[in-house]
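Some notes on the structure that comes next.
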Amino acid sequence: MNEHVDNHTDIETFDMAPISLWLEDFSRVRDLFEEWRQSGVADIRAYLREDENRIKQCSSLIRVLKVNKKTLSLFEAEDFGHLTGNLDAIFRDDMLQSHIQELSALWDGHTEFSSDTVNYTLSGRRLDIQLRGAVLPGYEQTWKRVLLSIEDVTEREDARRQQIESKRYAQGLFEYSPVSLWVEDFSRIKRLLDELHDRGITDFRVFTDVHPEFVGQCASEIRVIDVNNETLRLFLAPDKLTLLRRLPDIFRDRMNVHFREQLIELWNGNLFHQRETVNYALDGTERHVLLQFSVLPGHEQDWSLVQISLTDITARKKAEAYLEYLGKHDVLTKLYNRAFYVDEMNRLERHEFHPVSIIILDLNGLKVVNDQWGHGVGDALLRRVGEVLAEAIKPPCYAARIGGDEFAVLLPAIDELGATSMVEEIRSLIEINNQYYSNIPLNTAIGWATSNAGEKMEAVAKRADLLMYEDKRLHYSSENERRKLD
């Protein structure tokens with residue numbers, strides 16, 4: 001009576017188990033294995049991989065004896081017959097290759113096996129499963145009773161696949177971003193700054209003024225974890241290893257000033273900030289970039305993972321510099337223009353600079369040249385004046401074209417003697433220039449003046465201008481006298 005009850009309980013336990021259970025007969029597979037052994041098969045794995053039909057042959061020899069209710073519901077079968085009549089729809093595709101693992105375990109004498117594989121419901125829905133099998137006690141020699149459990153792990157595998165896909169997507173965004181991306185570890189910098197806080201330092205800007213070497217120490221503690229493809233292109237690096245080895249060639253010179261400001265941002269708790277800075281490509285050329293710094297979420301306490309994006313703004317900076325140049329320079333002569341001259345005069349006056357000498361220079365005979373030879377020839381004369389003044393005048397002195405054929409030279413901290421010497425230098429260079437362009441020589445009228453204490457710059461320029469006109473008058477008077485004699 002008790003044996004009957006125990007047997008009934010075992011059947012009920014099998015049938016009501018919350019996991020899919022299969023009771024199968026592998027005896028004919030065992031017989032087939034014996035035939036293969038006798039025919040000389042030694043490596044079962046290689047033998048099965050050689051011909052997929054051998055796997056199918058083994059599978060066809062397995063006889064399903066019983067399944068439980070969970071199996072029918074899992075595979076969407078109406079009953080046992082519906083299930084066993086459609087096994088080829090359940091065990092297919094990916095299942096065949098994983099079946100090698102189970103068969104190999106049995107071939108090697110193991111009574112237990114497991115694998116992660118794929119089955120399909122009768123409606124065609126994919127099931128990721130974890131399969132475990134065991135030859136029941138007493139059947140080790142015949143394999144007539146093998147119990148298999150199938151756990152549906154589709155949800156877990158879907159999540160894993162989604163995670164892999166998300167990682168692949170994120171990696172793709174990183175690698176193929178149109179801006180340079182860096183993933184870095186700033187944790188050592190965090191520790192250095194924390195140590196300063198612990199020492200009672202409150203004004204980090206003053207601290208780095210006194211200890212500029214601290215900025216360099218922090219820069220040396222940055223660990224670059226990864227960079228993307230655009231980074232290699234931007235800095236002309238053939239590969240990541242070369243780039244990482246030559247980081248000192250990229251981050252140098254003016255970069256140190258910008259990095260100090262970045263450290264000040266971090267000191268003040270700004271974990272997300274941006275600024276324009278300068279880096280250098282591996283060929284030494286400048287790269288103006290917009291740097292955006294972000295401590296990645298979850299790493300706010302240690303800064304062990306930060307992302308830095310560098311947007312190349314070199315072209316914009318060059319355009320801005322050119323526009324600024326145009327705003328201050330004369331395109332024809334390459335000297336400064338009248339707007340710069342006026343601004344510089346005002347600056348010198350605001351700072352009550354003394355002495356300041358001003359030279360006014362006018363090109364004689366330009367109208368005649370334009371009328372007789374054309375404006376192209378006249379422009380060439382103006383360019384030659386620009387060449388002479390550019391050679392003679394060096395900062396902090398400035399030469400400017402302030403009118404059609406009129407030029408001015410500002411000489412801060414130059415007295416009357418120095419101004420006279422500069423005029424002689426200009427005249428000497430004009431003579432040399434005329435030796436190279438003997439067909440149409442440069443001829444200029446020059447006047448100069450030096451400021452008195454408290455004198456307005458405009459008044460100094462006016463005195464120099466009057467002297468220039470006096471020199472021009474003498475030039476034309478001399479020309480007229482010469483013509484009369486001719």
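The values are calculated or read from the model by the stated rules, or taken from the named source; none is laboratory data. All values reported here derive from a predicted model rather than from experimental measurement. Quick reminder, even Gly has a Cβ in these numbers, built from the backbone with ideal geometry, and neighbours come from all protein chains shown. Ligands, DNA and RNA are excluded from the accessible area calculation, which covers all protein heavy atoms including side chains. Shrake-Rupley method; radii C 1.70, N 1.55, O 1.52, S 1.80 Å.
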**Report entry** Candidates Val409, Val388 - the one that is modelled with pLDDT of 95 or more, crowded, with 18+ Cβ neighbours inside 10 Å, in contact with a Phe, Trp or Tyr (Cβ under 9 Å, 6 or more places away or on another chain) and of a type in the set (A, V, I, L, M, F, W, C)
**Finding:** Val409
**Report entry** All helices (runs of 4 or more DSSP H) inside segment 1-118 with 2 or more residues being without any contact (Cβ under 8 Å) to a residue 12 or more places away in the chain and under 22 Å from Leu147 (Cβ atoms)
**Finding:** 2-16, 69-74
Report task. Would you mind stating whether Val377 is out of contact with any Cys (no Cβ under 7 Å at 6 or more places or on another chain), in a helix (DSSP H, G or I) and farther than 18 Å from Arg401 by Cα? Result -> no
Query raised in the report: When segment 233-254 is examined, which residues are found to be in a helix (DSSP H, G or I) and crowded, with 17+ Cβ neighbours inside 10 Å?
Result: Leu234, Leu243, Ile250
**Report entry** Residue tally, condition among the basic types (Lys, Arg) and in contact with a strand residue (DSSP E or B) (Cβ under 6 Å, 6 or more places away or on another chain), over segment 144-201
**Finding:** 1
Query raised in the report: Within the set of pairs 6+ apart or on separate chains, which have a first residue in segment 301-313 that is more than 14 Å from Leu266 (Cβ to Cβ), a second that is open to solvent by 60 Å² or more (accessible area, probe 1.4 Å) and not small (Gly, Ala, Ser), and C-beta atoms under 7 Å apart?
Result: Ser309/Gln292; Ile313/Glu276
Requested in this report: State the number of residues belonging to segment 142-187 that are assigned to a strand (DSSP E or B) and more than 30 Å from Arg63 (Cα to Cα).
Outcome: 6
Query raised in the report: Does segment 312-325 contain at least one residue that is open to solvent by less than 50 Å² (accessible area, probe 1.4 Å) and of a type in the set (D, E, K, R)?
Result: no
Query raised in the report: Which one of these is out of contact with any His (no Cβ under 6 Å at 6 or more places or on another chain), among the hydroxyl-bearing types (Ser, Thr, Tyr) and part of a loop (DSSP other than H, G, I, E, B): Ser421, Ser428, Ser438, Ser477?
Result: Ser438
Report summary line: If we keep only residues of segment 278-300 that are in a strand (DSSP E or B) and open to solvent by 60 Å² or more (accessible area, probe 1.4 Å), then the residue nearest to Arg246 (Cα to Cα) is Glu286
